[in-house]
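A short write-up of the structure that comes next.
The values are calculated or read from the model by the stated rules, or taken from the named source; none is laboratory data. Note that the structure is predicted; figures quoted are calculated from it, not measured. Note that we place each Cβ from the backbone using ideal geometry, even for glycine, and neighbour counts take in every protein chain shown.
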Amino acid sequence: MSSHIVIQPVTTKAQLKSFVELAYRLNADDPHWVPPLKSEVYALLSPKKNPFFEHATVQLFLAEQGGEIVGRISAHIDHLALEQPVEQGFGPGTGSWGLLEAENGEATGALIEAAEAWLKEQGMHRIIAPISLSVWDEPGLLTTGHDHSPTVMMGHHKPEYRGWIESSGYESAKKLITYDLPILEDFPPLIERIVKSGERSSKLKLRKVDKSHFDRDAKIIMDILNDAWSDNWGFVPMTDHEIDHVGVKLKPIVYEELIMIAELEGKPVAFMMSLPDLNDRTKKMKGSLLPFNWIKLLWWLKFPTSPTMRVPLMGVVKELQNSRMASQMAFMMIEYIRREAVAKYGATRGELGWVLDDNQGMIAIADAIESKINRVYTLYEKAI
């Protein structure tokens with residue numbers, strides 16, 4: 001008979017260290033898990049370093065069994081998410097949990113119960129999970145695609161978690177899809193014709209971002225993003241502090257040729273961001289930049305090569321969505337970045353996503369360039 005599981009709220013530095021370290025122990029035997037840099041994990045969990053805490057209430061929990069830490073979970077309420085329309089996923093009374101790691105189903109169930117109880121005490125009556133921590137970080141549980149490693153800024157979870165979570169009464173609310181795209185070969189002739197047609201337009205111009213004007217272009221991109229995604233399921237607006245924080249984090253892996261802004265009659269109306277797969281370099285670092293991994297990372301950041309490029313974000317202003325112009329701009333940006341990724345960065349494949357499972361426009365674009373689904377993340381919901 002197994003020993004009793006004790007759930008403890010994280011209140012000390014020692015407990016926080018146990019919370020962080022647990023993931024590295026439980027996933028050590030998974031060849032496809034990419035250990036995040038521990039400094040990044042501590043920053044994510046720090047109210048002083050993560051602006052998410054400015055509009056969120058967070059509680060971390062540990063599960064202990066037989067004197068050993070066997071699980072962890074975060075429970076949190078994003079107060080900006082509470083202000084969103086219910087039909088868009090969140091809304092009043094909706095909290096979340098995330099950062100789940102556990103040795104077994106018993107620990108998972110106990111942790112989820114603790115998170116539910118805490119959220120209920122805070123006045124919540126519904127849960128969307130897992131989310132770690134913000135919806136802009138790592139939303140969803142990996143439910144398809146465990147046979148390969150995730151790309152930069154994507155999560156990876158044990159396949160057992162699905163059954164353990166669903167046995168706690170959770171049902172699928174939304175699926176987030178990523179697409180694998182071979183990029184060495186030209187796109188189908190139809191796409192090439194669409195791109196060439198756009199190039200002949202005197203009103204339409206595509207340009208690379210300019211790192212010498214990084215703040216300006218970052219604001220342009222975030223303004224388009226907040227407009228383009230504002231009606232999407234799960235959308236929560238970023239604060240100005242969060243936008244600045246993201247800019248600081250992404251700047252070292254921003255390369256001008258890999259991020260495009262589309263302008264229509266001189267007005268920015270669309271963008272596409274692609275990032276070289278940093279995970280390809282950090283996977284062997286086991287979460288630490290010491291003793292010499294920081295030198296290797298700095299060298300790679302200066303002269304990056306990567307077989308994989310990830311497209312985490314793209315958007316078109318709402319007034320142009322569902323128009324022929326929107327898809328034309330998307331194909332043009334994808335093609336321009338594809339050429340640069342292959343020629344200058346040694347890329348052989350791209351990854352698009354995530355994409356909401358009901359985003360018919362993006363799904364049609366993914367299908368047109370002959371990409372294939374390679375990973376699915378599931379967001380669950382439950383009334384409490």
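So if I check each of 40, 21, 54, which one is outside any loop (DSSP other than H, G, I, E, B), at pLDDT below 95 and in the same structural domain as residue 156 (by TED's automatic domain parsing)? Of 40, 21, 54, the one residue that is outside any loop (DSSP other than H, G, I, E, B), at pLDDT below 95 and in the same structural domain as residue 156 (by TED's automatic domain parsing) is 40.
Kindly evaluate residue 128 against the criterion of being over 17 Å from residue 23 (Cβ atoms), hydrophobic (A, V, I, L, M, F, W, C) and assigned by TED's automatic domain parsing to the domain that holds residue 253. No; evaluated as a whole, the condition is false for this residue.
Within region 61-86, residues that are farther than 19 Å from residue 8 by Cα sit with their Cβ atoms under 8 Å from residues that are of a type in the set (Phe, Trp, Tyr), at 6+ positions apart or across chains, in these pairs: 78/52; 78/90; 81/90; 82/90; 84/90; 84/235. Of all residues in region 21-34, those satisfying the criterion of being surrounded by 19 or more Cβ atoms within 10 Å (Cβ to Cβ) and not aromatic (Phe, Trp, Tyr) are 22, 23, 34. With respect to (1) closer than 28 Å to residue 128 by Cβ; (2) small (Gly, Ala, Ser); (3) over 18 Å from the mean Cα position of the chain (by Cα), the lone exception for residue 247 is condition (3). When 138, 185, 192 are checked against the criterion of being farther than 30 Å from residue 267 by Cβ, out of contact with any Gly (no Cβ under 7 Å at 6 or more places or on another chain) and acidic (Asp, Glu), 185 stands alone in meeting it. Of all the residues in region 277-297, those that are part of a helix (DSSP H, G or I), modelled with pLDDT of 80 or more and of a type outside the set (Lys, Arg) number 4. Consider residue 342 carefully, then state whether it is within 21 Å of the chain's Cα centre (by Cα), surrounded by 13 or more Cβ atoms within 10 Å (Cβ to Cβ) and assigned by TED's automatic domain parsing to the domain that holds residue 250. No: the conditions fail for residue 342. Of the residues making up region 153-177, just one is closer than 20 Å to residue 111 by Cα and β-branched (Val, Ile, Thr), namely 165.
If you scan region 309-332, which residues turn out to be assigned to a helix (DSSP H, G or I) and either within 21 Å of the chain's Cα centre (by Cα) or more than 17 Å from residue 364 (Cβ to Cβ) (or both)? 318, 319, 330, listed by residue number.
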